[in-house]
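Take a look at the structure set out below.
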Amino acid sequence: MIEKQDQSPLNFWLEGETELAELPEIRQSLRHLRRHHPLLAAAYAKNGILPWKKQPEGFEGLVNIILAQQISTAVATHLVRRMKAALPDITPRRLMKLDDDAFRAMGVSRQKILYLRHLAEAMISRRLVPAALADMPQDDAFGALTALKGIGLWSAEIYLMFSLGRADIWPAGDIALQKGLQNLYGLSERPSSEETRQHGDAFAPHRSAASLIVWRT
């Protein structure tokens, strides 16, 4: 899948019980970055971070990410809420019972219908076991997710950060992150994905917390 990378955490990610920054590993990372990276410390003191919430793990979290791809923040938020209204207790088998008309009534595109059904089938057949992702090495978790139709690198990164709370995720292809990095360092041009990745190496293994700061810069 060729996935648009100019997305950032969305409005519906302001909904939830636990702020991402309150997760123990992320909170520890924020303390480390504020002690050891003066530019990030200054940006944090000036701007803080948005109160994004930890998102559901498993099927619901992945469904939300697929729904949010390649559309505006407002439309993505609307789609996620309509899906939640239609299937408050969403499971792969319940989603598979929805026909095309039900999806279209929510505003879900034909391509995303295919991706959602592929995800549901993968979980029903146990080709994907989301609970296993938490214990996988990071590269293996990326591989398991991106092997699915409809899950590109950005989607995998966002799931691992926002649903699993992994502490070392740096979505280098995200344009909003690149713009934040440009502001942080006073660069004349927005850095490329590769340049952004290289900048992020300095923040490992605390790149999720660094992302939260840079997104707000």
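The values are calculated or read from the model by the stated rules, or taken from the named source; none is laboratory data. What you see is a predicted model; the values in this text were computed from it and never measured. Here the Cβ positions follow ideal geometry from the backbone for every residue, glycine too, while neighbour counts run over all protein chains shown.
Limited to segment 49-81, what total is found for residues that are without any contact (Cβ under 8 Å) to a residue 40 or more places away in the chain and in a helix (DSSP H, G or I)? Give the derivation first.
Residues of segment 49-81 that are without any contact (Cβ under 8 Å) to a residue 40 or more places away in the chain, as a first pass: 51, 60, 71-72, 75, 78-79.
With in a helix (DSSP H, G or I) added as a condition, the list becomes 60, 75, 78-79.
Here the count works out to 4.
Restricted to segment 93-112, and to residues there that are over 16 Å from VAL75 (Cβ atoms) and among the aliphatic types (A, V, I, L, M), the residue that is surrounded by the most Cβ atoms within 10 Å (Cβ to Cβ) is LEU95. Comparison of ALA131, ALA176 shows that the only residue that is assigned by TED's automatic domain parsing to the domain that holds TYR44, modelled with pLDDT under 95 and part of a helix (DSSP H, G or I) is ALA176. Applying the criterion of being without any contact (Cβ under 8 Å) to a residue 12 or more places away in the chain and of a type in the set (S, T, N, Q) to the residues of segment 181-215, the residue that is surrounded by the fewest Cβ atoms within 10 Å (Cβ to Cβ) is SER188. From the list ILE66, ILE124, the one residue that fits, being β-branched (Val, Ile, Thr), within 15 Å of the chain's Cα centre (by Cα) and not assigned by TED's automatic domain parsing to the domain that holds GLU25, is ILE66. When restricted to residues that are among the basic types (Lys, Arg) and part of a loop (DSSP other than H, G, I, E, B), segment 82-115 contains 1. Consider LEU145 carefully, then state whether it is closer than 24 Å to TRP170 by Cβ and either out of contact with any Cys (no Cβ under 8 Å at 6 or more places or on another chain) or hydroxyl-bearing (Ser, Thr, Tyr) (or both). Considered against the rule, which asks whether it is closer than 24 Å to TRP170 by Cβ and either out of contact with any Cys (no Cβ under 8 Å at 6 or more places or on another chain) or hydroxyl-bearing (Ser, Thr, Tyr) (or both), LEU145 comes out as yes. Once segment 142-158 is narrowed to residues that are out of contact with any Phe, Trp or Tyr (no Cβ under 9 Å at 6 or more places or on another chain) and modelled with pLDDT of 95 or more, the residue that is nearest to TYR44 (Cα to Cα) is PHE142. The residue that is surrounded by the fewest Cβ atoms within 10 Å (Cβ to Cβ), counting only those in segment 143-169 that are touching an Asp or Glu at 6+ places or on another chain (Cβ under 8 Å) and of a type in the set (A, V, I, L, M, F, W, C), is LEU153. In segment 20-40, the qualifying residues are those that are closer than 17 Å to LEU184 by Cβ and of a type in the set (A, V, I, L, M), and the one that is surrounded by the fewest Cβ atoms within 10 Å (Cβ to Cβ) is LEU39.
When GLU25 is tested against (1) under 28 Å from ALA210 (Cβ atoms); (2) in a loop (DSSP other than H, G, I, E, B); (3) out of contact with any Lys or Arg (no Cβ under 7 Å at 6 or more places or on another chain), only condition (2) is not met.
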